[in-house]
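Q: There's a structure below that I have some questions on.
Bear in mind these aren't lab numbers, they're just calculated from the coordinates by the rules spelled out. Note that the coordinates shown come from a computational prediction; the quantities given were computed from them, not determined experimentally. Heads up, the Cβs are rebuilt from the backbone with ideal geometry, glycines too, and the neighbour counts pull from every protein chain shown.
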Amino acid sequence: MHSLSPWFLLLLPVIAVPFLLTSRHAQAYSWLEMVPDDPFSERIHLLVKVATSLMLLCLVLALAGLQGDSHQEKKIGKGAQSVFVIDRSVSMDHPFAGQSVGGRAAEIKSAAARRLITAFIDSRPDDMMGVVGFTNSALYGMKITTNRDGIHAAIQAATGPAINQTNIGAGITHAVTLFEQIPSTGSRAIVLLSDGAGKLSPRVKYQIRKQLVGKKLNLYWIVLREPDDISIFTQNSYDDDHLPEAIALDRFFQSLNIKYKAFEADNATALESALREIDAKEKNLIQYDIMIPGHDYARDLIIVALLLGLALLLIKQIKVYE
């Protein structure tokens, strides 16, 4: 057992105050023989002092943040270690179709991504997940963790608008470094979500290839496209000098010595379908240690102090008539 705010323990001497103070109802008598013995009142008076002292003790310990010791437990389940790499460019705030539907604006890509990724996270309780946002550079979101509140907060931040640039290379390289900070267990995957590609320089391509060597990482790219965008699955042929950026990036990912699959989503339903397929593929045996925090006694102590305070109020109403 330990205290989060041990300085409050300096207030412990205050519990002796009820025994040091004299009741304000005390009276002086010239002859004690005229005052009859009242053992009941004396016991009640002592009980009031003890209850007051215990109430003060509970309040001091609650302020000190008394907690039990934390411990580690091994968790075993089916899941993956994954990192979501999410495009935060301003184009993510455009609707999928880029136009109004039935007089109302269609759901924007970032909002659909936030909603569906949140559902994906909630459906996989055994996963360890991390989040990286990117625009002109990588924006750190959350390390690979089991903390669902932290992951949800990072997804909220990573699906917000930023500036009009798409530096996928920075997002991918930063995501890979997150896997270096934890032991490998279960499946390991990077899920890239973007509505554009951007051009990778030879230096960035070399860095990505070098980082991925020997790492058993699976890569998924979900392209959030609009109807006028060129499909990465097109059968059209292009000269190398005029190759669309999305197709060039897809071919680069295919050249890496890793498991890779691309998806295209031009609406929220297609995005949900892509996440569902990733969910089916990334479920292997996973085990890791989780920290179980010790019991927080502050709430218990405050409840006890409240009950003692109510008891004191009742005791003060007791009157004995002869």
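Q: Mind telling me which of H242, H152, H174 comes out most flexible in a GNM of the chain, alpha-carbon contacts under 10 Å?
A: Taking springs between Cα atoms under 10 Å, the residue moving most is H242.
Q: Would you please state which residues of region 254-282 a label at F233 would reach in this model, taking the label point 7 Å out along Cα→Cβ and a backbone N cut-off of under 13 Å?
A: Label zone hits: 261-267, 270-271, 273-274.
Q: Let me ask something else about it. Among (i) 37; (ii) 47; (iii) 18, only one was calculated for this model; which label is it, if the read-out is percent of Cα pairs over 34 Å apart?
A: Among (i) 37; (ii) 47; (iii) 18, the one calculated here is (ii).
Q: Another one. Using label points projected 7 Å from each Cα along Cα→Cβ, tell me how many nm separate L20 and T118, to one decimal.
A: A separation of 5.4 nm, rounded to one decimal place.
Q: Still on this structure: So how tilted is helix 298-316 from the main axis of the chain? Cα-based, degrees 0 to 90, rounded to 10.
A: 30 degrees
Q: In addition: Lys and Arg at +1, Asp and Glu at -1: add these up for the other residues within a Cβ distance under 13 Å of K74 and post the number.
A: Cβ neighbours under 13 Å give a net charge of -2.
Q: A further question on this structure: Considering only the other residues whose Cβ falls under 13 Å of the Cβ of V83, what net charge follows from Lys and Arg at +1 and Asp and Glu at -1?
A: For residues surrounding V83, the net value is 0.
Q: Pairs of Cα atoms under 8 Å, at least six residues apart: use those to get the relative contact order of the chain, whole percent.
A: Dividing the mean separation by the residue count of the chain yields 26 percent.
Q: Could you work out the helix-only [θ] at 222 nm for the chain, with each DSSP H run of four or more residues adding -39,500 (n - 2.57) and the total divided by the number of residues, to the nearest 500 deg cm²/dmol?
A: So the calculated ellipticity at 222 nm is -12000 deg cm²/dmol.
Q: Report, to the nearest 10°, how far helix 268-281 tilts away from the longest principal axis of the Cα atoms in the chain, using its own Cα long axis and a range of 0 to 90°.
A: 80 degrees
Q: Going by how many other beta carbons lie within 10 Å of each one, how would you line up V48, V17, fewest first?
A: Fewest-to-most ranking of V48, V17: V17, V48.
Q: Can you compute the FRET efficiency between E42 and Y140 using 1/(1 + (r/R0)^6), with r the Cβ-Cβ distance and R0 = 41 Å? Round to the nearest 0.05.
A: E(calc), rounded to 0.05, equals 0.05.
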